2 protein chains.
Amino acid sequence: MAHIVTAFDEDLVQVQARISEMGGLCEELLSKSLECVQARDTDLARVVIERDRALDLMEVALEESVVKVIALRQPVAADLRVLIAAMKIASTLERIGDLSKNIAKRAIPLSAATHGRVTTSIVRMGRQTLVQLSDVLNAHAARDVDLAVQIWNQDYEIDEMYNAIFREVVTYMVEDSRLIGMGAQLMFIAKNLERIGDHTTHIAEMVYYIVRGKPIGEERPKGEPAGVDFIRA
Amino acid sequence: MAHIVTAFDEDLVQVQARISEMGGLCEELLSKSLECVQARDTDLARVVIERDRALDLMEVALEESVVKVIALRQPVAADLRVLIAAMKIASTLERIGDLSKNIAKRAIPLSAATHGRVTTSIVRMGRQTLVQLSDVLNAHAARDVDLAVQIWNQDYEIDEMYNAIFREVVTYMVEDSRLIGMGAQLMFIAKNLERIGDHTTHIAEMVYYIVRGKPIGEERPKGEPAGVDFIRA
């Protein structure tokens, strides 16, 4: 049976490699979409939109490979859990790519206009989101539960940034009605980043689940940090 | 082996029953969230928010049961495909529930204000979304590929309604800056409905995949119907 175990281990390594590859592309898409917003770079936006297709194909390929591994190796318990989680993480990464693409798309109409202060807030929020995404990919690769819990606890920071940006944008829209169309785009960009933060948190939950074999805990209140006791419970 | 086949068939029936139950609750949540928007009913909004938790628990239960069935019965090919699809559909339904809950939440601050015409457009869009959701649940239960393809082709209608509402809301915001805060809420409600439409389309894709064993086709252009030739290709 040693041969089968080794083959399965190789399968898992391959699945992990696919996740890492998808994660790397996701980081690239998010980072480039923020550049689009900052530099109002419409050519780069088109690159992001095009590159997102590669991510979609990677998800399909990962899913097919996981289904094949399940069918061939018929894993149970922890091994099955890792494979199911891999499929869910791939689906989450695909959504993050979609949201990044959407940010890049929304940067195109922005390019004619300028509103520096909100843009700066949004890009700052985006950079924080990108850090969380990179961290959670590292947590997944290293099966690092402590890092996963830390990321899970930090999502409220992104929520708070989103709330502040929302108020800021409404203020500008009220002051100058010519900014309403652009303001709506900026709100959706901020909302997309907030959702990327949520998805990152979901990946952190899956890392916890893979390692500990149980869910991270009940949903914590939005916009405030969960107590550590609550998580460890 | 007849015993094992029968037991597996029973498992599939149970999984299907869970999907139907989740789907029913999703329809209820979406329908009630539209009532919240229409009647500005904050008590009902709180009911929706509370009920969504039941949907989350149903998803966890379904996922656990699917993992158990895979581990116990070790299905391959079409059977494995059905189970994987069930898990993805459950995850999609959970997201639809989340979006409905979010609509109900956003209806609470709306309740102090009124803006009848946009509300009517949004509720109309919501009713169309609800019809698509009910149809896709029927298509799934009956493994009806033709209905799934039809739903898949109709998503552009919801996209067009969304675009019209977006423009309408911006117009009101420009005319009267006191409506900006409320307008932003209405935009997000419409956006949530558009996303529910997208999720419904994903379920239609999964129905196609379950029955035909291959994806429904490449992504069609947004905001316009795909040609039937394109889908059949």
### Query
Chain pair A, B: how much accessible area is buried, both chains summed, with a 1.4 Å probe, in Å² to 100?
2900
### Summary
With no solvent term and unit scatterers on the alpha-carbon positions of chain A, Debye gives log₁₀ I(q)/I(0) at q = 0.07, 0.11, 0.15 Å⁻¹ of -0.26, -0.60, -0.98
### Task
For an R0 of 30 angstrom, estimate the FRET efficiency from the Cβ-Cβ distance between B:Ser20 and B:Glu160 and round to the nearest 0.05.
0.50
### Query
Between B:Gly181, B:Val145, B:Gln132, whose Cα lies farthest towards the positive end of the dipole of chain B when Lys and Arg beta carbons carry +1 and Asp and Glu beta carbons carry -1, centred on the Cα centre?
B:Gly181
### Message
What is the distance in Å between the Cα centroid of the stretch B:131-163 and that of the stretch A:1-77?
### Response
29
### Task
Anything losing 50 Å² or more of accessible area from the isolated chain to the full protein assembly: pick those residues out of the stretch A:181-208, probe 1.4 Å, ligands and DNA/RNA ignored.
A:Phe188, A:Arg195
### Using alpha-carbon coordinates, inclination of helix A:42-73 to the longest axis of chain A, degrees
20
### Query
Does anyone have the angle between helix A:180-212 and the longest principal axis of chain A? Alpha-carbon axes, 0 to 90°, nearest 10?
20
### Query
Relative to the longest principal axis of chain A, what angle (0 to 90°, nearest 10) does the C-alpha long axis of helix A:2-39 take?
0
### Query
Which residue is it, in chain B, whose C-beta lies closest to the B-to-A rotation axis, and what is that distance in whole Å?
B:Gln74, 2
### Message
Just the number please: accessible area per residue for the protein assembly as shown, 1.4 Å probe, all protein chains included, in Å².
### Response
43
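In debye, nearest 20: dipole of chain B around its Cα centre with unit charges on the Cβ of K, R (+) and D, E (-)?
360
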### Query
Size of the dipole of the protein assembly as shown about the Cα centre, Lys and Arg at +1 and Asp and Glu at -1 on the beta carbon, nothing else charged, in debye to 20?
520
### Message
Per DSSP helix of 4 or more residues, -39500 (n - 2.57); summed, then divided by the residues of the protein assembly as shown. What does that give at 222 nm, rounded to the nearest 500?
### Response
-31000 deg cm²/dmol
### Message
Projecting each Cα onto the charge dipole of the stretch A:2-232 (Lys/Arg +1, Asp/Glu -1 at the beta carbon, about the Cα centre), which of A:Ile158, A:Pro75, A:Ala107 comes out farthest on the positive side?
### Response
A:Ala107
### Message
If I build a Gaussian network model for chain B, linking alpha-carbon pairs within less than 10 angstrom, which residue out of B:Val66, B:Val207, B:Val174 has the largest mean-square fluctuation?
### Response
B:Val174
### Task
Springs between alpha-carbon atoms under 10 Å, Gaussian network over chain B: tell me which of B:Ala78, B:Ala86, B:Ala45 tops the mean-square fluctuations.
B:Ala78
#### Entry: Residues B:Thr42 and B:Thr171, FRET efficiency given R0 of 25 Å [Cβ-Cβ distance, rounded to 0.05]
0.35
### Query
Stokes-Einstein D for the protein assembly as shown at 25 °C, 0.890 mPa s, Kirkwood Rh over Cα pairs, in µm²/s?
106
#### Entry: Proximal lysines to A:Lys214, defined as alpha-carbon separation beneath 21 angstrom and excluding residues fewer than eight positions away on the same chain
A:Lys88, B:Lys68, B:Lys88
#### Entry: Mean Cα-pair separation over length for chain B, i.e. relative contact order, pairs under 8 Å, 6 or more apart, %
24
### Message
Among A:Asp98, A:Asp11, A:Asp198, which one shows the highest mean-square fluctuation when chain A is modelled as a Gaussian network with alpha-carbon springs under 10 Å?
### Response
A:Asp11
### Query
At a 1.4 Å probe, what is the % contribution of carbon and sulfur to the accessible area of chain A?
53
### Query
Just counting partner chain Cβ atoms within 10 Å, what average do the residues of peptide A:56-63 show around their Cβ?
1
### Query
How long are the three semi-axes of the equivalent ellipsoid of the stretch A:1-54, in whole Å, if each is the root of 5 times an eigenvalue of the C-alpha gyration tensor, listed from largest down?
38, 9, 4
### Message
Shape verdict for the stretch A:36-106, please, from the Cα gyration tensor: rounded (a/c under 1.5), prolate (a/b greater than b/c) or oblate.
### Response
prolate
### Message
Charges on Cβ only, +1 for Lys and Arg, -1 for Asp and Glu, centred on the Cα centroid of the stretch B:1-104; of B:Val66, B:Ala85, B:Leu12, which one is farthest towards the dipole's positive end?
### Response
B:Ala85
### Summary
Relative to the compact-globule estimate 2.2 N^0.38 Å (N residues), the Cα gyration radius of the stretch B:150-218 stands at a ratio of 1.48
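The values are calculated or read from the model by the stated rules, or taken from the named source; none is laboratory data. Every value quoted in this text rests on a predicted model; they were computed, and no experiment measured them. Neighbour counts are summed over all protein chains in view; Cβ atoms, including those assigned to glycine, are modelled from backbone coordinates with ideal geometry. The area values use the complete protein model at the heavy-atom level, side chains included, leaving out ligands, DNA and RNA. Shrake-Rupley method; radii C 1.70, N 1.55, O 1.52, S 1.80 Å.
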